[in-house]
1. When the expected Rg is taken as 2.2 N^0.38 Å, what fraction or multiple of it is the alpha-carbon Rg of segment 42-104?
2. Could you give the length gained by full extension between residue 126 and residue 299, i.e. 0.36 nm per residue of separation minus their alpha carbon distance, to one decimal place?
3. Compute the FRET efficiency between residue 59 and residue 178 as 1/(1 + (r/R0)^6), taking r as their Cβ-Cβ distance and R0 = 35 Å, and round to the nearest 0.05.
4. If we sort 2-10, 104-112 on the protection proxy, mean other Cβ atoms within 10 Å, highest first, what's the order?
5. Roughly speaking, what is the stretch gain from residue 23 to residue 216, that is 0.36 nm per residue apart minus the C-alpha to C-alpha distance, in nm to one decimal?
6. Using Cα centres only, tell me the gap between segment 65-88 and segment 1-58 in whole Å.
7. Place the peptides 232-243, 14-25 in order of packing, highest mean first, counting for every residue the other Cβ atoms within 10 Å and averaging per peptide.
8. Mind ranking 31-40, 54-63 by how tightly packed they are, going by the mean number of other C-beta atoms within 10 angstrom, highest first?
């Protein structure tokens, strides 16, 4: 009677494939970040316990044989954290854009060689940088005093991203602020301190542009959350405190007040909003948990964005 290892490797691989194949492939259990068979059963890998040789040969076959199925996750346990994390990504993007937009000669006089460095490092944004560098101080007066007349070029496009994708603009604006921070000794202390803390001359008194508590520039430029990340509640709390410099409880109160305002003013029932993690984010989290060698054996991934 022939021994199993007397069979050609190609035949053994066929046997392994028949052993691990699951109708419908493997689906991810979000809570445990592990795979299961599509019918809910645990993946049976008992054959791997036969001997080390079988274990080594069978190790990558489940991934190369089965489709890995990832779906959108919208559970009660995680949707609040998902919504807060989405707020953070948008706030960081908005505040980085505000920092760039509020560079006026009377707020922050940037040396010519720093402008040249920014343009050299970010050539695709050269027109935008040139516009900021060349614009004059603009003011208009009313009964309350002197107010900033904002340029119609506010971050250039309606999306606020210079017609680039949000991720590209975030990367550019963060890098630009890091360049300015690297040259902070070149600026006058008081104007740079005001700029770093988000205080601008907008009228007869110094205040922030939109009335909200601004983020400190160094903390803001140092935060770079991956939009595809699935963070813990503690990580979200930490980032919230950094970008707003207030406690997480106050952030939650503001969030609740904003939703109530939407309900009242826009006729929206925000209780129906279900924040979720995309199937792509769920897949990325799982793939990062695997070794590179294991990932190389995956042949098919199915994303169900619902």
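1. 2.20
2. 58.1 nm
3. Efficiency at R0 = 35 Å is approximately 0.25.
4. Most protected by this proxy first, the peptides run 104-112, 2-10.
5. That pair, residue 23 and residue 216, stretches by 64.1 nm at full extension.
6. Here the two parts' Cα centres lie 28 Å apart.
7. Highest-to-lowest ranking by the protection proxy: 232-243, 14-25.
8. The peptides rank, most packed first, as 54-63, 31-40.
Rule-based calculations on the coordinates, nothing more; no lab input. All values reported here derive from a predicted model rather than from experimental measurement. Using ideal geometry, Cβ is built from the backbone for each residue, glycine included, and neighbour counts are taken over all protein chains shown.
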